[in-house]
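Data first, discussion second: the structure below is written as structure tokens.
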Amino acid sequence: MNGETPPQPDADLPQIPLVEAGGQGAPAVFDAEPERAARMLDAAERRYGAAAIRIADKRSRAWLVRNRNPWLAEIEAVAARVGRPGAFMLNLSFEWTCTAAVGPDPDQEPGGARLLRTLDWPLEGLGQNLVVARHDSAAGPYFSAAWPGFVGALTVMAPGRFAASINQPPALLTRIGPINMPLAVDWFLTRRRVLRSSALPPTHLLRQVCEEARNFAEARRMLTETPVCIPVFFALCGMQPLEGCVIERLEKQAFTFEAPACAANHWLTPGRTGRLRTKTSSERLDSLYRCMETARDLEWLAEPVLNAATRLAAVANPRAGTFLVQGFEADGAVTAPTSFAGRAPS
């Protein structure tokens, strides 16, 4: 290399933008980055088709109205700005697979606990159009990584309180006699169950936790006890090194695993079954377990945890008030690792 510094793979990649949303929620994030929101809707149309999106949008809105969803007004405000179908459907989509871990931060200063998280979803454009929004709430500020116009919460860091993320469980194991039904049938039957439910979607519950929970204990109670309309895995960490857990949820029941703990997309709870959405769920979990207590920053981000469906990777430490996020598409990184920091509420 003749003494030259080797090229840095992320040196020329863009930073993820920070949107100061204040207390205005998702509409303010959309207004700050409308082009990114439009590109996400374009990608959804290419993947699912305009006709399917129109039908899903109509049914999603009707379900939200029937259940008097607390975030309905925000989604309607986003939909009005969009001016075409898609806002309701994308705000109720729950198709991603993920890997997450909660445990002690290996750095002694400031120490505390941290959340490691990837979001895997084969929808192109999500990594390129990521934003991090800083929201204000009665319980304190929080940072949320998602795309503009998304009202719920997927990956969050609330300084001085907690950090949390969502994973998707296996599909239902639907059978007729000895025959397993295709995943499409599982998906349809699951959505029929959702349509009969009046409980919150998991992403809306996590948003509510960000707005209302003053500390780890309150966040844990809400994520454990509040009914949800569909099974979900939550990863949650607080301020102390072992203040963390993975919460595996059924609609009205919870199973909790104390930190250090990891979650992928298969059940840790004995006796729970389902059809894996990817073949690498166990391998991703094992890989993260091996390095979660020693790896710094994004050193833990390697195959199979990082894969062609990965769209976001994040490290969050609520004690330090730090949030490190990077966006990915199928071919690799599309943003530089971008750091965000915030103070805990006084």
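Each reported figure results from applying straightforward, stated rules to the coordinates on display, with no laboratory input. Being a predicted model, the structure only gives us computed values, none of them experimental. We place every Cβ from the backbone using ideal geometry, glycine too, and count neighbours over all the protein chains shown.
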- [ ] For region 15-101, state the semi-axes of the equivalent ellipsoid (square roots of 5 times the eigenvalues of the alpha-carbon gyration tensor), sorted largest first and rounded to whole angstrom.
- [x] 20, 17, 15
- [ ] Determine the percent antiparallel among the DSSP beta bridges restricted to region 18-340, to the nearest 5.
- [x] 90
Open item on the list: What are the ³J(HN,Hα) couplings of region 156-169, residue after residue, when phi is run through the Karplus curve with 6.51, -1.76, 1.60 and θ = phi - 60°? Round to Hz, x for glycine and proline.
Closed with: 9, 9, 10, x, x, 10, 6, 10, 7, 8, 10, 10, 9, x
- [ ] Determine ³J(HN,Hα), in whole Hz, for all residues of region 18-32 in sequence, where each value follows from phi through the Karplus function 6.51 cos²θ - 1.76 cosθ + 1.60 and θ = phi - 60°; x replaces Gly and Pro.
- [x] 9, 10, 8, 8, x, x, 8, x, 4, x, 5, 5, 4, 4, 6
Task: Fewest-first sequence of M222, M292 by Cβ atoms within 10 Å of each Cβ - done: M222, M292
- [ ] Pick out, from T273, A145, P304, the residue whose Cα sits farthest towards the positive end of the charge dipole of the chain, with +1 on the Cβ of Lys and Arg and -1 on the Cβ of Asp and Glu.
- [x] T273
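Can you put V132, V19, V65, V315 in order, fewest other beta carbons within 10 Å first?
Lowest count first: V65, V19, V132, V315.
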Open item on the list: Give me C291, C245, C262 sorted ascending by neighbouring Cβ count inside 10 Å, so fewest comes first.
Closed with: C291, C245, C262
TODO: Read phi for every residue in region 67-75 and hand back ³J(HN,Hα) as whole Hz from Karplus 6.51 cos²θ - 1.76 cosθ + 1.60, θ = phi - 60°, with x for Gly and Pro.
DONE: 8, 6, 4, x, 9, 4, 4, 5, 5
TODO: Using just the helices of the chain, give the 222 nm mean residue ellipticity in deg cm²/dmol: DSSP H runs with n ≥ 4 each add -39,500 (n - 2.57), and the total is spread over all residues, rounded to 500.
DONE: -9000 deg cm²/dmol
TODO: Evaluate the charge dipole of the chain about its Cα centre and quote only its size in Debye, nearest 20, assuming +1 on the Cβ of each Lys and Arg and -1 on the Cβ of each Asp and Glu.
DONE: 1760
